[in-house]
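The values are calculated or read from the model by the stated rules, or taken from the named source; none is laboratory data. Here the structure is a predicted model, which is why all the values come from computation and not from measurement. Don't worry about glycine lacking a Cβ; one is built from the backbone with ideal geometry, like all the others, and counts go over all protein chains shown.
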Amino acid sequence: LPPNFQEGGDVHLKRVDCRAKGGAPGFKVAILGAAGGIGQPLALLMKMNPLVSVLHLYDVVNAPGVTADVSHMDTGAVVRGFLGQPQLESALTGMDLVIIPAGVPRKPGMTRDDLFKINAGIVRTLCEGIAKCCPNAVVNLISNPVNSTVAVAAEVFKKAGTYDPKRLLGVTTLDVVRANTFVAEVLGLDPREVDVPVVGGHAGVTILPLLSQVKPPSSFSPGEVDYLTDRIQNGGTEVVEAKAGAGSATLSMAYAAAKFADACLRGLKGEAGVVECAFVASEVTELPFFATKVRLGRAGAEEVYQLGPLNEYERMGLEKAKKELAESIQKGIDFIRG
Ligand code: NAI
């Protein structure tokens, strides 16, 4: 096994640890499911993030290989690997941010909800570990169906007495990334100049792009609104079908997860004005969880923003989204409460 995989193997890494301590303050980040389709490129991107001083890579398979590989990159973060349930607690102890892309992905013909049984169980186990070993960490939950797994995580943390709604965030950044890209294509702009709020949840009709609030201010024909809404809601399925059985979005998702994690870390560092969309505990609607823009700070999602003015099309979309979301959230709650 490579040195950064062995218990105590760190003795050879002292100097790197000193550099991390002596330089800019860094954060300790764990990726659970680090050997997967999302986990591997996400590990690469987090190893490149200058805000990360320690990077823990945990999986139930192939963690040593990914750890050895990523640890050879000459960037600041110290990488350590952890394999299998007996090492989960060591992987989590002392972490500031835990990113969870563990679980099975969709195959053609499957909905995100079809993944519920397997992934809800995985998320429960991992969150029990978090409650025990790093109850104050910010959690970025990627495992689908996010509309249900966030409720599963919240119930696990409540049961353990560690629940802090500000620190549990369902990752919907890929919907925003897709929306920015597709809208930029229609407008003939650079996607980096475009900001599309995407609210609701992370599955089908619960993904609600607010095209009336696009920045820079833009107007769309009814045909463009239909095309864009449909493509943003079904962007994940577009990838699942193109991959034809080999999984779902991994590279664009790793990019989105790294972008969101970086925003969380900048918030933890105290940077002002860090705003991203995320699926969080919310009072914006009557539902207990909802995705909107949130302001990220030292405490996690410190402020949850209101929806802003919606047009008729968006109001109708919101009603549809809420109906499906209510059921998905309840399913997550029932999974733990029995
Ligand atoms: P994958 O199958 O390639 O990787 C999943 C990894 O999780 C594997 O390495 C597996 O060994 C690991 N794993 C399984 N059980 C585990 C456990 N108990 N503890 C730790 N690790 C465990 O799947 P992929 O493509 O990386 O997708 C992962 C999840 O992310 C899926 O649930 C997928 O639906 C979801 N996803 C979420 C998106 C979002 O926007 N939130 C977008 C795309 C995918």
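Only one residue in G300, G267, G235, G201 is of a type in the set (G, A, S), at positive phi and in contact (Cβ under 8 Å) with a residue 12 or more places away in the chain. Which one? First the steps, then the outcome.
Details: G267 fails: at positive phi; G235 fails: at positive phi; G201 fails: at positive phi.
Just one listed residue meets the conditions, G300.
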Practice task
Evaluate the following for L208: is it more than 16 Å from the ligand (Cβ to nearest atom) and either at pLDDT 95 or above or not charged (D, E, K, R) (or both)?
Solution key: no
Exercise for the section: Mind listing just one residue for me: the one in region 48-65 that is more than 26 Å from R266 (Cα to Cα) and in contact with a Leu (Cβ under 6 Å, 6 or more places away or on another chain) and, of those, farthest from the ligand (Cβ to nearest atom)? Expected result: P64
Handout entry: Unique match (being within 10 Å of the ligand (Cβ to nearest atom), part of a helix (DSSP H, G or I) and more than 16 Å from R112 (Cα to Cα)) among T149, T125
Key = T125
Handout entry: Residue count for region 275-307, restricted to those that are touching a Lys or Arg at 6+ places or on another chain (Cβ under 6 Å) and outside any loop (DSSP other than H, G, I, E, B)
Key = 6
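Go over the candidates A120, A184, A137, A154 one by one and state the one that is more than 12 Å from the ligand (Cβ to nearest atom), in contact with a helix residue (DSSP H, G or I) (Cβ under 9 Å, 6 or more places away or on another chain) and under 16 Å from I336 (Cβ atoms).
Details: A120 fails: more than 12 Å from the ligand (Cβ to nearest atom); A184 fails: under 16 Å from I336 (Cβ atoms); A137 fails: under 16 Å from I336 (Cβ atoms).
Residue meeting the stated conditions: A154.
Let's see how each residue does on (1) at pLDDT 95 or above; (2) buried (at least 21 other Cβ atoms within 10 Å of the Cβ); (3) in contact with a Gly (Cβ under 7 Å, 6 or more places away or on another chain); (4) assigned to a helix (DSSP H, G or I):
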residue	(1), (2), (3), (4)
H202	yes, yes, yes, no
F220	yes, no, no, no
D230	yes, no, no, yes
S252	yes, no, no, yes
Completion exercise
Result of the Cβ filter at 8 Å on region 48-67, keeping first residues that are under 18 Å from M95 (Cβ atoms) and partners that are near the ligand (Cβ under 9 Å from one of its atoms) and modelled with pLDDT under 95, at least 6 apart or interchain, is none
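Determine, yes or no, whether G81 is within 15 Å of the ligand (Cβ to nearest atom), assigned to a strand (DSSP E or B) and surrounded by 20 or more Cβ atoms within 10 Å (Cβ to Cβ). Talk me through it step by step, then tell me what you get.
On the way: within 15 Å of the ligand (Cβ to nearest atom): yes; assigned to a strand (DSSP E or B): yes; surrounded by 20 or more Cβ atoms within 10 Å (Cβ to Cβ): yes.
Here the answer is yes, as G81 does meet what is asked.
Determine if region 98-113 includes at least one residue that is touching a helix residue (DSSP H, G or I) at 6+ places or on another chain (Cβ under 8 Å), assigned to a helix (DSSP H, G or I) and surrounded by fewer than 23 Cβ atoms within 10 Å (Cβ to Cβ). Give the steps one after another, and end with the answer.
Going residue by residue through region 98-113, those that are touching a helix residue (DSSP H, G or I) at 6+ places or on another chain (Cβ under 8 Å) are 98-108, 110-113.
Right, trim to assigned to a helix (DSSP H, G or I) and you get 112-113.
Pick out the ones that are also surrounded by fewer than 23 Cβ atoms within 10 Å (Cβ to Cβ) and you get 113.
Within region 98-113, one or more residues are touching a helix residue (DSSP H, G or I) at 6+ places or on another chain (Cβ under 8 Å), assigned to a helix (DSSP H, G or I) and surrounded by fewer than 23 Cβ atoms within 10 Å (Cβ to Cβ).
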